[in-house]
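Before any comments, here is the structure.
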Amino acid sequence: MGQEHVAEPEGAWRWRQRWSDLLFAHWPVPVEVLRPRIPERLEIDTYDGTAWLGVVPFRMEGVRPRGLPAVPWLSRFPELNLRTYVKRDGYPGVFFFSLDASNPVAVSLGRRWFHLPYFHARAACSPQGEAIAYSSTRTHNGAPAARFEARYGPAGDVSHAVPGTLEHFLTERYCLYASGGSVGGSVRGGGREPLYRAQVHHAPWPLQPATVTVEVNTLLAAAGVEVAAQEPPHVLFARGVDVRLWPLREV
């Protein structure tokens, strides 16, 4: 299951950024549905025997490499992730099916440096009082079409997830996994494709109950994963955390 809050990793972090105005929307999915789409060397992490698929829209801010200031053309843009949860060598983490972003430099760096399946998108993340209006349309040449439009916001007090709960499992993750085979648009790396892990560090998530109205969501279909249409997502909101990322290591 998810991790206790972890100590800062050893060595020098490589990137600093802030993740703001996040919605965590999750659906339960049978493990066998995801297994063909996950690199074989990663174990699918489950909660009470069930895998989970998450759609996470948010705004990236203050993006900068170590030793350099944030720059306007890179440091602030909407991002939209489709993800699930995996383990390798006892390290629970996140595996991404897609990351849609409106900044072309970030897409290029994410694909080249982090081996992550980033896609170009036209997106907006607009505050409306306490709520957020979010829209994203994938524009990446050759990639499956994908759209997401929603309005979401907080609906209760801030708290931190308790270890052992579903909320903790879905949010408290301190590393990401990437496969060399996922960057070309496939959702699965081949059996011998390189597999990488990057550690991240931030304070525990300031989670709140959420309200959400989803107008359009074709991310799951674009990745070849469907959930029952009548299944409402498990939703949480977080105003944001400051994050540091360490370099990728092959595992």
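None of the figures in this text is laboratory data; all of them are computed from the coordinates on show. Please read all numbers here as calculations on a predicted model, not as lab measurements. Every residue, glycine among them, receives a Cβ derived from its backbone with ideal geometry; neighbour counts consider all protein chains shown.
Scalar couplings 3J(HN,Hα) for the range 242-250, obtained by applying the Karplus form with A = 6.51, B = -1.76, C = 1.60 to θ = phi - 60°, are 8, 10, 10, 10, 9, x, 5, 10, 6 Hz; x denotes Gly and Pro. Under 1.5 on a/c is rounded, so check that first for the range 76-179, then, if it is not, pick prolate when a/b is larger than b/c and oblate when it is not; a ≥ b ≥ c are the square roots of the alpha carbon gyration tensor eigenvalues. Since a/c reaches 1.5 but b/c is at least a/b, the shape of the range 76-179 is classed as oblate. Computed about its Cα centre, the charge dipole of the chain is approximately 1020 debye, with only Lys, Arg, Asp and Glu carrying charge at their Cβ.
If one computes P(r) from the Cα atoms of the range 43-133, what percent of pairs lie at distances over 19 Å? Every Cα pair in the range 43-133 considered, those over 19 Å come to 51 percent.
For Val241, nonlocal amide neighbours, meaning residues 5 or more places apart or on other chains whose placed amide H falls under 5 Å from its own, are Trp19. The protection proxy used here, the mean number of other Cβ atoms lying within 10 Å of each residue, ranks peptides 199-205, 100-106 as follows, highest first: 100-106, 199-205.
Derived scalar couplings between HN and Hα for the range 44-58 equal 6, 7, 10, 10, 6, x, 10, 7, 10, 10, x, 10, 10, x, 6 Hz in order, rounded to whole Hz, by the Karplus curve 6.51 cos²θ - 1.76 cosθ + 1.60 (θ = phi - 60°), x for Gly and Pro.
Sorting Glu61, Glu231 by the number of Cβ atoms found within 10 Å of their own Cβ, with the fewest placed first, yields Glu231, Glu61. If you wrap the Cα atoms of the range 15-250 in a convex hull and average its projected area over all directions, you get 12.1 nm². Computed over the range 71-119, the P(r) curve from all C-alpha pair distances, binned at 5 Å from the origin, holds 5, 20, 24, 22, 15, 9, 5, 1 percent per bin.
Positive-end ranking of Leu219, Gly11, Thr171 along the dipole of the chain, with charges on Cβ about the Cα centre, is headed by Gly11. Compute the distance from the alpha-carbon center of the range 30-53 to that of the range 78-148, in whole Å. What the calculation gives is 20 Å, centre to centre.
For Phe97, the amide hydrogen comes within under 5 Å of the amide hydrogens of Leu82, Arg83, Thr84, counting only partners 5 or more places away or on other chains and with H modelled in the peptide plane.
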